[in-house]
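Here the structure comes first, spelled out in C-alpha cells, and everything after it is commentary.
The values are calculated or read from the model by the stated rules, or taken from the named source; none is laboratory data. This structure is a prediction, so every number in the text was calculated from the model and none was measured. Accessible surface is based on the protein model in full, side chains and every heavy atom, while ligands, DNA and RNA are left aside. Shrake-Rupley method; radii C 1.70, N 1.55, O 1.52, S 1.80 Å.
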Amino acid sequence: MRARADGHALRADRLDARAARARSAGRPDSPTWCGDRFRRTEAQVARDTGGDVVSGWTALLLGAEEAPRAALTQSRDSYDAACEALAWSAAFAVLGAWWWPAAVAGVLLGLASWRSLRTAAEALCRTTEAAFTLHPPDPAPPGTR
C-alpha cells in the first residue's frame with residue numbers, strides 16, 4: 001500500500017505478485033524451502049500420475065530411456081554437489097574460529113552454495129515431474145503380471 005501511495009506502481013505490482021504466490025503455496029510443511037518444494041513435487045506427481053516418487057524413483061531410473069535417465073542423473077548430481085558445497089562452507093566457517101580468512105571463505109561459499117542449492121532443488125523437482133509425466137509408473141504391483 002505504501003509503495004502504491006508513493007507512486008511506485010511497478011514495485012507495488014511486484015509485491016502484490018509475491019504475496020499472491022506466497023498465499024497460493026499455503027503454509028510451509030517443512031522447515032526449509034527445499035523440503036517444501038520436494039513435498040509439492042511428491043503431491044503433484046501423486047495427483048497427476050497416481051505414482052509415488054519415493055518408490056517409483058528406482059523403477060523410473062531402471063526402466064526409463066536414456067534421455068530421461070541422463071536428465072534425472074544430471075539434476076541429482078547437481079543437487080548433490082550443491083549440498084556438498086554447503087557442507088564445505090560450514091566446515092570453513094567453523095575453521096574461521098581459528099583462522100579468520102576461512103570464515104570469510106565459508107560465508108562466501110555458503111551464500112553461493114545456498115543459491116546453487118535452491119536452483120538445483122528446483123531443477124531436480126521439475127525434472128522429476130517431467131520424467132514421471134512422460135513415463136508414469138506401472139500401476140500393477142510387481143509380480144502380478
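Things to note:
- Helix runs (DSSP H) in the chain reaching 30 Å along axis by Cα, Kyte-Doolittle at least 0.0: 66-95, 100-134
- Percent accessible area from carbon and sulfur atoms, the chain, protein chains only, probe 1.4 Å: 60 percent
- Per residue, the chain exposes 71 Å² of solvent-accessible protein surface, assessed with a 1.4 angstrom probe and all protein chains in place.
- Kirkwood hydrodynamic radius of region 28-111, from inverse mean 1/r over distinct Cα pairs, in Å: 15.4 Å
- Extent of the chain along its three principal axes (Cα atoms, max minus min coordinate, largest first): 63, 50, 27 Å.
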